[in-house]
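Undergrad: Sharing a structure here in structure tokens format.
The values are calculated or read from the model by the stated rules, or taken from the named source; none is laboratory data. Note that the structure is a prediction, hence the values are computed from the model and not measured. Cβ placement follows ideal geometry from the backbone for every residue including glycine, while neighbour counts extend to all protein chains displayed. Heavy atoms of the whole protein, side chains included, go into the accessibility calculation; ligands, DNA and RNA do not. Shrake-Rupley method; radii C 1.70, N 1.55, O 1.52, S 1.80 Å.
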Amino acid sequence: MLHTARMISPAVELGSAPLFRTEITLDTGHGAVTRATLTISSLGVHEARIGGRPVGDDVLSPGWTSYEHRLRHLSHDVTELIAGKPVSVLTVLVGNGWYRGRLGFMGGSAFYGDRLGVIAACEITFADGHRQVVVTDETWTAGNSDVLADDLYDGQTIDARRRSGKWFVPDGEPEWFLPVRVLDFDNSVLTPYIGEWVSRQESLSPRKVWESPTGRMLIDFGQNLVGWLRFTVRGPAGSEIRIRHAEVLEDGELGVRPLRDAQATDRFVLSGGDDFFEPTMTFHGFRYAEVSGWPAGVPLDVEAVVVHSRLERTGDFACSDELLNRLHRNIVWSTRGNFLDLPTDCPQRNERLGWTGDIAVFAPSAAYLYDVRGFLGDWLTDLAAEQRAADGLVPFVIPDVLKYQPAPPDFPDPDSTAFWSDAAVWVPWTLWQAYGDRSILAKQYTSMTAHVRRVRTLLSPSGVWDGSFQFGDWLDPDAPADAPAKAKADPGVVATAAYYRSLTLVAQTAALLGHDADAAEFTELAARVRIAFSREYVDADGTVRSDCTTVYTLAIVFGLLDDTSFAGRRLAELVADSGYRVSTGFAGTPYITDALTVTGHLDAAYRLLLERECPSWLYPVTMGATTVWERWDSMLPDGTINPGEMTSFNHYALGAVADWMHRTVGGIAPLEPGYSRVSIAPRPGGGLTWARAGLRTRHGRIEVSWRTGPDGALAVDVTLPDGVTGVLALDGRPEVEIAAGRHSLSTTRP
């Protein structure tokens, strides 16, 4: 329907978020309305209503895509809102959102355009088959709304005095509304959502309300979340309530320094009557809120609304260690907070970008916790579009807004970068393994091959990838606070190992899809890179260049060594030398527990996971964290915030260890894509006495639970759905194949 609609914008720039309006007068003589569908998109984020009632449960639509290439639209069934009413009023409020608002940490706004707009078509079908279509065109009007200001980083200002119920009824206050004009817009970029839209998920009540040392009213919601506050209040007309948001406290006050220059502040001007406020044109990452201007004598009654993409939960995990359970819940909450329309790095400061490196390593954990086929499939579509426009280069962030911003002198020039650009390969492969849907590989195949072919041109004469900028083992805990790329691990070792992994996955993908010549090409290139890695980076005694935990981890897990015995021993030694505290960054952390496990050092993997001193996975938990932190020490032991400029308390990347927890502690891993054949191999350790894991697959739910007895006996219960076979592998027993159904087994631990 949208092909006949026009993108419209206010004819003059308004002093608020524009409210677009049209009256839908039903054609007569065709009987009752049997179906009415509204299809809508916008330049900016929109909120559509008919007769003042929302047309759907979505918020912040159409989200953020690579607008140059794709602009998503949603269709809503509005039959109940239109049927039986001779005239209905359709209004659309449009805010700046990602299209015109501030984006990125380098400053600036309106990178995609400076005119907000809406495009919509309402198709109405009558009992006799007659069809009426109402589209956006020059007959619509636009006026000022009650939203005086809105920005994703800075917050929203709403003036309830400007509201009028007449906006939503026929013939209501036409003098408020002005003409619109048609924008020059290419309708061919319009596309339906591939994944789910953003919506309200739940609400949380305050856990505590108190006065700070400086007399400010503070609210603790008990959970670091993403969304906003909503409430109804009555107070003096013209008075203003101001709410500022932050993730942590420092010295008893709101800790806003990690927000950098994001204001994260909503303002609400009261009308004098009962006012309901909900700032749906922004979002904040916060646990705490500071409230000023609340009317004297009026009880504080607010709730926090949790907002993110509508994802179905598929996997769960629990064990006998409550700190590990809290860690897992933190990982889930960080996934929720950063899966708001696209996989972002953080949801609170002046950034919130789709960094490729974060999701490259976290995708396996995400695909267990939630059904992310559509969510990540949509993001990968943008990745491929940005990549095509950049001659095969996968940008640092998707959508690539950084290309519009002047980079500071110390920021690297864009180029293919290990782990970050490898998202083009690793994320589709993860989705294939998790869901068994080969179409994702077919759709992304050109993107996958373009990446590895481009990196081939960046290899040095010796055959390794060591001549360009690399993020490397980003945020190594031993790196200087102001130089997070200066890790212990040699960047060439990290990059070449990552490239080898990508080549092997692309070769397998080519073979799966029947591209035999490509499969041979990439298999041969992978073999050459593997030889070059050993020649350039591995000494005769097995020492890998830079001799640190990350380089051994990647060499082991990515399959670069013929014999892993020395590497495994050396890795275990280095882990022990570090006191079992984490010594890896973004590259090594997701894989180190696997590297220890496969080389026979399971106890070391558990000790590393269960360590409580900083840096460790459990240190933030002991500090009261309810999400995963960006830095191991985002908060210092004395309760002060890390002094570095880059400090977030909601980053999922270091939570990629959840994948190992699901597979090794919980015991569930795919042996064939989509879990039609599954490994059941729980590996108890670390003093845990029980664990359970469950995963809903396309075949049904898989469940594994185990417990240890005082005599060392291990009892395991397994449930497999129809269509799934399992291979049970327990210490002290030979592997055995099990069929669908319930199974209970026990063994004596060696």
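Undergrad: Can you spot a residue in region 335-353 that is buried (at least 24 other Cβ atoms within 10 Å of the Cβ), basic (Lys, Arg) and in contact with a strand residue (DSSP E or B) (Cβ under 7 Å, 6 or more places away or on another chain)?
TA: Yes, region 335-353 has at least one match.
Undergrad: Then there is this: Which one of these does Gly712 not meet: (1) at negative phi; (2) over 31 Å from the mean Cα position of the chain (by Cα); (3) open to solvent by 10 Å² or more (accessible area, probe 1.4 Å)?
TA: Among (1) at negative phi; (2) over 31 Å from the mean Cα position of the chain (by Cα); (3) open to solvent by 10 Å² or more (accessible area, probe 1.4 Å), the lone unmet condition for Gly712 is (1).
Undergrad: Something else now. Among Arg701, Arg692, Arg683, which is outside any strand (DSSP E or B) and either over 25 Å from Gly600 (Cα atoms) or open to solvent by 20 Å² or more (accessible area, probe 1.4 Å) (or both)?
TA: Result: Arg683 is the single residue among Arg701, Arg692, Arg683 that is outside any strand (DSSP E or B) and either over 25 Å from Gly600 (Cα atoms) or open to solvent by 20 Å² or more (accessible area, probe 1.4 Å) (or both).
Undergrad: Being in contact with a Ser or Thr (Cβ under 7 Å, 6 or more places away or on another chain), part of a loop (DSSP other than H, G, I, E, B) and open to solvent by less than 20 Å² (accessible area, probe 1.4 Å) narrows it down to one residue among Asp466, Asp473, Asp478; which is it? If you could, list the steps in order and put the result at the bottom.
TA: Numbers: Asp466 fails: open to solvent by less than 20 Å² (accessible area, probe 1.4 Å); Asp478 fails: open to solvent by less than 20 Å² (accessible area, probe 1.4 Å).
On inspection, the qualifying residue turns out to be Asp473.
Undergrad: Let me ask something else about it. Got a sec? Which of Thr549, Thr496, Thr504 is among the β-branched types (Val, Ile, Thr) and open to solvent by 30 Å² or more (accessible area, probe 1.4 Å)?
TA: After applying the criteria, what remains is Thr504.
Undergrad: Restricting attention to region 322-331, which residues are touching a strand residue (DSSP E or B) at 6+ places or on another chain (Cβ under 9 Å) and open to solvent by 10 Å² or more (accessible area, probe 1.4 Å)?
TA: Scanning region 322-331 gives a single hit, Asn325.
Undergrad: Another question, if that's okay. Taking Thr79 as the residue in question, decide whether it is surrounded by fewer than 20 Cβ atoms within 10 Å (Cβ to Cβ), touching a strand residue (DSSP E or B) at 6+ places or on another chain (Cβ under 9 Å) and either over 21 Å from Phe185 (Cβ atoms) or not polar (S, T, N, Q) (or both).
TA: yes
Undergrad: Still on this structure, please answer the following. Mind checking which pairs have a first residue in region 155-169 that is without any contact (Cβ under 8 Å) to a residue 12 or more places away in the chain and a second that is among the acidic types (Asp, Glu) and loosely packed, with under 15 Cβ neighbours inside 10 Å, Cβ under 6 Å, 6 or more apart or different chains?
TA: Pairs found: Lys166/Glu173.
Undergrad: Restrict the check to region 132-154 and report whether at least one residue is in contact with a strand residue (DSSP E or B) (Cβ under 8 Å, 6 or more places away or on another chain), of a type in the set (Phe, Trp, Tyr), open to solvent by 10 Å² or more (accessible area, probe 1.4 Å) and not in a strand (DSSP E or B).
TA: No: region 132-154 contains no residue that is in contact with a strand residue (DSSP E or B) (Cβ under 8 Å, 6 or more places away or on another chain), of a type in the set (Phe, Trp, Tyr), open to solvent by 10 Å² or more (accessible area, probe 1.4 Å) and not in a strand (DSSP E or B).
Undergrad: Which one is most open to solvent (accessible area, probe 1.4 Å), of the residues in region 155-171 that are at pLDDT 95 or above and assigned to a helix (DSSP H, G or I)?
TA: The selected residue is Arg161.
Undergrad: Could you list all residues from region 282-313 that are open to solvent by less than 30 Å² (accessible area, probe 1.4 Å) and charged (D, E, K, R)?
TA: Selection gives Glu290 alone.
Undergrad: For region 1-112, which fully contained strands (runs of 3 or more DSSP E) count at least 2 residues that are under 22 Å from Arg131 (Cβ atoms)?
TA: 18-25, 33-43, 45-50, 71-77, 87-95
Undergrad: Could you give me the residue pairs with C-beta distances under 9 Å whose first residue belongs to region 514-540 and is part of a helix (DSSP H, G or I), whose second residue is among the hydroxyl-bearing types (Ser, Thr, Tyr) and surrounded by fewer than 17 Cβ atoms within 10 Å (Cβ to Cβ) wherever it lies, and which are 6+ apart or on separate chains?
TA: Sorted first by the residue in region 514-540, then by its partner, the pairs are Ala532/Ser460; Ala532/Ser462; Arg535/Ser462; Glu536/Ser460; Glu536/Ser462.
Undergrad: Please work out if Leu254 is part of a loop (DSSP other than H, G, I, E, B), in contact (Cβ under 8 Å) with a residue 12 or more places away in the chain and out of contact with any Gly (no Cβ under 8 Å at 6 or more places or on another chain).
TA: When the stated conditions are applied, Leu254 does not pass them.
Undergrad: Looking at Asp659, Asp603, which is the one that is open to solvent by 20 Å² or more (accessible area, probe 1.4 Å), under 25 Å from Lys488 (Cβ atoms), touching a Ser or Thr at 6+ places or on another chain (Cβ under 6 Å) and assigned to a helix (DSSP H, G or I)?
TA: Asp659
Undergrad: Working carefully through the options Thr697, Thr719, find the one that is in contact with a strand residue (DSSP E or B) (Cβ under 6 Å, 6 or more places away or on another chain) and of a type in the set (S, T, N, Q). Even if it seems obvious, please write down each step before you answer.
TA: On the way: Thr697 fails: in contact with a strand residue (DSSP E or B) (Cβ under 6 Å, 6 or more places away or on another chain).
Going through Thr697, Thr719 in turn, the sole match is Thr719.
Undergrad: Here's something else I'd like to know. Give just the number: which of (1) of a type in the set (Ser, Thr, Tyr); (2) open to solvent by 20 Å² or more (accessible area, probe 1.4 Å); (3) not in a loop (DSSP other than H, G, I, E, B) does Ser365 not satisfy?
TA: It fails just one condition, (2).
Listed here are the residues, each with its yes/no results for (1) in a strand (DSSP E or B); (2) over 21 Å from Ala434 (Cβ atoms); (3) touching a residue at least 12 places away in the same chain (Cβ under 8 Å).
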{"site": "His308", "(1), (2), (3)": "yes, no, yes"}
{"site": "Phe317", "(1), (2), (3)": "yes, no, yes"}
{"site": "Leu323", "(1), (2), (3)": "no, yes, yes"}
{"site": "Arg326", "(1), (2), (3)": "no, yes, yes"}
{"site": "Glu351", "(1), (2), (3)": "no, yes, yes"}
{"site": "Ile359", "(1), (2), (3)": "no, no, yes"}
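Undergrad: Give Thr597, Thr627 a once-over and let me know the one that is more than 17 Å from Ala479 (Cα to Cα), surrounded by 24 or more Cβ atoms within 10 Å (Cβ to Cβ) and touching a residue at least 24 places away in the same chain (Cβ under 8 Å).
TA: Numbers: Thr597 fails: surrounded by 24 or more Cβ atoms within 10 Å (Cβ to Cβ).
Going through Thr597, Thr627 in turn, just one is more than 17 Å from Ala479 (Cα to Cα), surrounded by 24 or more Cβ atoms within 10 Å (Cβ to Cβ) and touching a residue at least 24 places away in the same chain (Cβ under 8 Å): Thr627.
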